[in-house]
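Inspection log for the structure reproduced underneath, given as C-alpha cells.
The values are calculated or read from the model by the stated rules, or taken from the named source; none is laboratory data. Everything numeric here is computed off the predicted structure, so don't read it as measured data. With ideal geometry, Cβ positions are generated from the backbone for all residues, glycine too; neighbour counts draw on all protein chains shown.
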C-alpha cells in the first residue's frame with residue numbers, strides 16, 4: 001500500500017492551512033503528523049483520508065503500484081478522530097453487526113474476541129450513548145486496530161483515555177508496527193514515539 005500526496009493544499013475561507021505539500025506514505029512504515037494546536041494536523045489527516053475535500057493537489061492510493069479507484073479507497077482504511085461520532089443509539093452488538101458489514105475483522109478474530117479486546121464484554125447490551133468517553137475511545141481505536149484495513153489514520157488517539165487506557169493503546173498499537181500503514185496526528189510524544197517518520201505540518205504554511 002502506498003499513498004502519494006502531490007502539491008496538496010487546503011484553505012478555510014482565505015487562510016491556507018497547508019500548501020504545496022508533497023509526501024509519500026508507504027506500507028509497513030509509521031508516520032507522525034506533528035505541530036502545535038491549530039496548526040492543521042487534524043485537517044491534513046481528514047484530507048488525506050478523503051473525509052474532507054482539498055483545494056489543490058492530488059491524493060492517490062496504490063496497491064502493489066496499481067491505482068485504487070476513489071470509490072474503493074474506503075475499504076483500505078480506518079480513520080479515528082475525536083470529531084467522528086459513533087452511532088450512539090445502537091447497542092455495541094448492533095453497532096458491530098452494522099460496522100462489519102462494510103469492514104472485515106482481522107483473520108482469526110470473532111466479534112466476541114473483539115469485544116474482549118476493547119474490555120466491553122459487560123457493556124455489550126448498553127446503548128453506546130451511555131458509555132463513558134474513555135469507553136467510546138477504546139471502541140473507536142479497536143475498530144482500527146482489529147479490522148483488516150491496511151491503513152490506520154489516528155488523530156489524537158489517546159484523547160479521553162486515562163493512564164490505564166493509554167497503556168492499552170500502546171500495548172495494542174505496537175503489534176501493528178510493520179503490518180499496517182500507520183499515520184498518527186499528535187503533539188503528545190507518547191502517542192507516536194515509535195514512529196519512524198515525522199511530517200511537521202507547520203513546514204507547509
Among 78, 116, which is under 14 Å from residue 145 (Cβ atoms) and under 16 Å from the mean Cα position of the chain (by Cα)?
78
Only one of these is under 23 Å from residue 176 (Cβ atoms), surrounded by fewer than 16 Cβ atoms within 10 Å (Cβ to Cβ), out of contact with any helix residue (DSSP H, G or I) (no Cβ under 6 Å at 6 or more places or on another chain) and without any contact (Cβ under 8 Å) to a residue 60 or more places away in the chain: 84, 111. Name it.
84
For the range 153-194 the number of residues that are touching a helix residue (DSSP H, G or I) at 6+ places or on another chain (Cβ under 8 Å) and closer than 20 Å to residue 113 by Cα is 7
Does residue 59 satisfy the condition of being over 16 Å from the mean Cα position of the chain (by Cα), crowded, with 16+ Cβ neighbours inside 10 Å and at pLDDT 95 or above?
yes
Quick one: what pairs do we get from the range 46-68, first residue part of a helix (DSSP H, G or I), second modelled with pLDDT of 95 or more, C-beta under 6 Å, 6+ apart or different chains?
47/10; 47/54; 48/59
Specify which of the listed residues (146, 114) is closer than 24 Å to residue 46 by Cβ and in contact with a strand residue (DSSP E or B) (Cβ under 8 Å, 6 or more places away or on another chain).
146
Of the numbered conditions (1) buried (at least 17 other Cβ atoms within 10 Å of the Cβ); (2) more than 14 Å from residue 81 (Cβ to Cβ); (3) touching a strand residue (DSSP E or B) at 6+ places or on another chain (Cβ under 7 Å); (4) at pLDDT 95 or above, residue 120 satisfies every one except a single condition; which is it?
(3)
Which of the strands (runs of 3 or more DSSP E) contained wholly in the range 138-205 include at least 1 residues that are modelled with pLDDT of 95 or more and surrounded by fewer than 21 Cβ atoms within 10 Å (Cβ to Cβ)?
197-200
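To keep it simple, each residue is scored yes or no on (1) under 30 Å from residue 135 (Cβ atoms); (2) at pLDDT 90 or above; (3) buried (at least 19 other Cβ atoms within 10 Å of the Cβ).
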{"residue": "7", "(1), (2), (3)": "no, yes, no"}
{"residue": "19", "(1), (2), (3)": "no, yes, no"}
{"residue": "22", "(1), (2), (3)": "no, yes, no"}
{"residue": "34", "(1), (2), (3)": "yes, yes, yes"}
{"residue": "69", "(1), (2), (3)": "no, yes, no"}
{"residue": "72", "(1), (2), (3)": "no, yes, no"}
{"residue": "100", "(1), (2), (3)": "yes, yes, no"}
{"residue": "103", "(1), (2), (3)": "yes, no, no"}
Could you tell me whether any residue of the range 126-137 is outside any helix (DSSP H, G or I), closer than 23 Å to residue 47 by Cβ and over 12 Å from the mean Cα position of the chain (by Cα)?
no
Scan of the range 1-45 for residues that are within 19 Å of residue 188 (Cα to Cα) and assigned to a strand (DSSP E or B), ordered by number:
30, 31, 32, 33, 34
Please work out which residue is surrounded by the fewest Cβ atoms within 10 Å (Cβ to Cβ), limiting yourself to the range 87-98 and to residues that are assigned to a helix (DSSP H, G or I) and in contact (Cβ under 8 Å) with a residue 24 or more places away in the chain.
93
